[in-house]
Every structure is written in C-alpha cells, then in structure tokens.
Amino acid sequence: MTGKDKTLSISDFITKTPNQYDFVAPDGTKGYQLAYAPMGNMTSYHQQPREVSRAIKHSITNELWYILEGDGELWIKCDQDELITRIEPGISIFIPQGAAFQFRNLSNSTELRFVCVSMPSWPGPHNVEYVDGPWKPTKR
C-alpha cells in the first residue's frame with residue numbers, strides 16, 4: 001500500500017504514542033504522530049501552559065480536533081464569520097480548509113492536549129499561510 005510520500009506495510013497499521021514529540025508544527029505546537037494513512041493522519045498536539053500558537057490557515061487540509069486536557073481559547077475565522085471560544089476536555093472542533101485559526105493555553109500548570117485528524121494527510125509546510133490573529137504568539 002502506498003501513500004503520497006510513503007509506502008505502508010502492515011506493520012505501519014498499528015503504532016504506539018512516542019515518548020518524545022516527533023516535530024514542532026508550523027504554529028509552534030509539539031506534535032506526536034499517532035497514525036498515518038494516505039487519506040488522513042492523526043496527531044496528538046501538546047501546548048505548554050500559557051503558550052499562544054501562531055495564527056495560520058491551511059490551503060489543503062481540513063482538521064478535526066478533540067480536546068483531551070487543559071483549558072484554552074480558540075479563535076477561528078471563516079470568510080467574514082469570526083469566533084473566539086473556550087476549549088476544554090470533551091470539545092470537538094472542525095477547522096475547514098482555508099479557515100484562519102489560533103489557540104492559546106490559559107492554564108498556569110497544565111498542558112493543553114488534543115488529538116487532531118488532518119484530511120488529507122499533512123502535505124508539508126506549503127499547506128500553511130501565516131495570518132494575523134488576536135493574540136501575540138509566544139513562539140515564532
């Protein structure tokens with residue numbers, strides 16, 4: 001079985017969460033790759049207390065998020081519709097292709113952790129456009 005940039009074998013179908021993060025996303029958040037398939041990939045993202053992501057939008061992918069831990073806020077803008085909302089465990093979020101978004105961890109002591117499914121699979125940094133968001137990012 002082959003994906004866009006990767007040949008998959010049956011041993012790739014089951015993975016264990018790594019102990020160390022695999023990469024830092026373009027928005028500055030640490031990512032742990034959970035699963036990969038040609039039609040989508042699943043990642044666990046961890047944002048440290050009081051961190052603010054960079055505001056971005058994706059030109060190719062749609063994302064589904066499920067918040068696991070922490071207390072934060074999400075800004076999302078689709079065309080002229082704009083919203084800032086609280087995010088906490090149990091919240092599910094859809095971020096469509098082309099929507100601008102930014103998030104921040106409001107906790108002083110707990111990571112903001114969420115699972116993200118990208119569809120199609122993450123194509124690379126050319127998928128990201130940096131935009132102006134409501135908050136100053138803590139990392140560049």
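Here, each number is a calculation from the coordinates, and none is a lab measurement. Just so we're clear, the structure is a prediction, and the values are computed from it rather than from any experiment. Because the Cβ atoms are built from the backbone with ideal geometry, glycine has one as well, and the counts that use them run over all protein chains shown.
Once the Cα-Cα distance is subtracted from the 0.36 nm per residue extended length, the D22 to Q97 segment shows a gain of 24.6 nm.
Across the range 13-76, the volume of the C-alpha convex hull divided among the residues equals 114 Å³ per residue. A rounded overall shape is assigned to the range 16-140, the ratio a/c of its alpha-carbon gyration tensor axes (a ≥ b ≥ c) being less than 1.5. Scalar couplings 3J(HN,Hα) for the range 44-49, obtained by applying the Karplus form with A = 6.51, B = -1.76, C = 1.60 to θ = phi - 60°, are 9, 10, 10, 10, 5, x Hz; x denotes Gly and Pro. What percent do you get for the relative contact order of the chain when only Cα pairs under 8 Å and 6+ apart count? Relative contact order of the chain: 30 percent.
Here each label is just a point 7 Å from Cα along the line to Cβ, and for T110 and Y66 those points are 1.8 nm apart.
A simple count of charges around G90, restricted to other residues whose Cβ falls under 15 Å of its Cβ and scoring Lys, Arg +1 and Asp, Glu -1, yields -1.
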